[in-house]
Amino acid sequence: MDQKRRKILQLGLAAASAAAPVSALADSQPDAAKSPSGAAAAANPDHVGVLYDTTLCIGCRECEAACNRRNNLPRTPVPFSDREVFRTPRRPSDTAFTVVNQYQGSPSTDQAAVPYTYCKVQCMHCLYPSCVSACIVGALTKAADGSVVYNATICLGCRYCQVACPFEVPAYEFNEPLKPRVRKCEFCTDREKGTGANPACAAACPTEALVFGRRADLLATAKERIASRPARYLNHVYGEFEVGGTSWLYLVGRPVAELGLLPLPTQAPPARTEAIQHGIFRYGLLPTAFYGVLAGVMWLNHRRRPDDEPGIGEVSDEASGGQAARDEEVPR
Ligand code: SF4
Ligand code: SF4
Ligand code: SF4
């Protein structure tokens, strides 16, 4: 019986150690990217961003067209000058990494003659990205300049990133049968050439509603604009604190909820989820516990079986005796 117990325990431990690399992978991500308490990510002065002033956006969709070209996305069925698309609010997709939506009403109180407000949506390049935190193989990472980039070659297709993103951004290529990818704005980073963020949408914007630069500088600019034009702007830079802060910052003249932007808490989701996840997975505790329970169930099953019944990989005394007798009968 002792031998049986050892075999079962070995089986459980072997299975647990096979599962352990998954938790090890979760721990292999760069600290600044994965840890909501890693102040390096937030304090990094080299992180870039975009300041998007919704009160300057005219809904021309030049940013969408530039994004489509830069990322070699499929041709759209209608030209980008078509304003019929504004009939229904849109979300970023696997074929459109950014979209502009139109909302009834003027962008701010000092623009009463302007009938609509426009709002552009894309990946916010969070300072503490939930998608990076959720990805167990490190297919999503935060680059040195703050861009959140994706590596399709190691992606498992589990789509945890989709579920984790508080802005509901990552899209999946459901129509791609062979090697579907997660698609989202990568800040126009060219990882093959090793270049950093270089947003085509900001370069294409004719009204400078989109301004690319260092996040710290953009934040200072946003606050200057708010201070100098209180009738134009609400005293709120969307992205300064939401979910721990984002690289894209929005200046608004009306409540964000009216512009399809989700009112979000200031705490980064990974601060909560990683504390639980790392506690459970550290040293492979969860898989070890799981396979330990499995081993226990198997051991109990073996105990219940009558002693004369053969175990896994064993033969009964009767059977082995019979075989020995037959062996003796065979002339050598
Ligand atoms: S907006 Fe979503 S996809 Fe983009 S970095 Fe943040 S969590 Fe990741
Ligand atoms: S930064 Fe690049 S990928 Fe992202 S929305 Fe702008 S053009 Fe598209
Ligand atoms: S290009 Fe600029 S003005 Fe035109 S829709 Fe995009 S953000 Fe707005």
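The values are calculated or read from the model by the stated rules, or taken from the named source; none is laboratory data. Everything quoted here is computed from the prediction, not taken from an experiment. Because the Cβ atoms are built from the backbone with ideal geometry, glycine has one as well, and the counts that use them run over all protein chains shown.
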Q: Could you list, in sequence order, all residues of the range 214-233 that are surrounded by fewer than 23 Cβ atoms within 10 Å (Cβ to Cβ), assigned to a loop (DSSP other than H, G, I, E, B) and either in contact (Cβ under 8 Å) with a residue 24 or more places away in the chain or not assigned by TED's automatic domain parsing to the domain that holds residue 118 (or both)?
A: 229, 231, 232
Q) In the range 135-151, what residues are surrounded by fewer than 24 Cβ atoms within 10 Å (Cβ to Cβ) and more than 15 Å from ligand 2 (Cβ to nearest atom)? A) 136, 137, 138, 139, 141, 144, 151
**Q.** the range 185-210, residues that are more than 16 Å from ligand 1 (Cβ to nearest atom) and either at pLDDT 95 or above or touching a strand residue (DSSP E or B) at 6+ places or on another chain (Cβ under 6 Å) (or both)
**A.** 200, 202, 203, 204, 205, 206, 207, 208, 209, 210
Q: Please find, within the range 183-211, the residue that is nearest to residue 54 (Cα to Cα) out of those that are within 8 Å of ligand 3 (Cβ to nearest atom) and surrounded by 14 or more Cβ atoms within 10 Å (Cβ to Cβ).
A: 209
Q: Give the range 57-79 a look and list any residue that's surrounded by fewer than 18 Cβ atoms within 10 Å (Cβ to Cβ), more than 9 Å from ligand 3 (Cβ to nearest atom) and either closer than 25 Å to residue 253 by Cβ or not aliphatic (A, V, I, L, M) (or both), or say none.
A: 69, 70, 71, 72, 74, 75, 76, 77, 79
Q. What is the residue count in the range 92-128 for residues that are away from ligand 3 (no atom under 15 Å from the Cβ), among the β-branched types (Val, Ile, Thr) and touching a strand residue (DSSP E or B) at 6+ places or on another chain (Cβ under 9 Å)?
A. 1
Q.
Please verify whether residue 166 is within 16 Å of ligand 2 (Cβ to nearest atom) and of a type outside the set (A, V, I, L, M, F, W, C), treating the condition exactly as stated.
A. no
Q: May I ask you to list the residues in the range 168-213 that are in a loop (DSSP other than H, G, I, E, B) and either on the phi > 0 side of the Ramachandran plot or of a type in the set (Lys, Arg) (or both)?
A: 168, 179, 181, 184, 187, 188, 191, 193, 194, 208
Q | Neighbours by Cβ (under 7 Å, 6+ apart or cross-chain): first from the range 132-149, assigned by TED's automatic domain parsing to the domain that holds residue 246; second assigned to a strand (DSSP E or B) and of a type in the set (Lys, Arg) | A | 132/142; 148/142
Q: Filter the range 182-213 down to residues that are more than 14 Å from ligand 2 (Cβ to nearest atom) and without any contact (Cβ under 8 Å) to a residue 40 or more places away in the chain, then give me how many there are.
A: 3
Q: Any chance you could count how many residues in the range 140-167 are out of contact with any His (no Cβ under 7 Å at 6 or more places or on another chain), of a type outside the set (Gly, Ala, Ser), assigned to a loop (DSSP other than H, G, I, E, B) and within 15 Å of ligand 1 (Cβ to nearest atom)?
A: 7
Q.
Tell me whether the range 238-251 contains one or more residues that are part of a strand (DSSP E or B), surrounded by fewer than 17 Cβ atoms within 10 Å (Cβ to Cβ) and modelled with pLDDT of 95 or more.
A. no
Q. Among 88, 76, which is away from ligand 2 (no atom under 12 Å from the Cβ), without any contact (Cβ under 8 Å) to a residue 24 or more places away in the chain and under 27 Å from residue 257 (Cβ atoms)?
A. 88
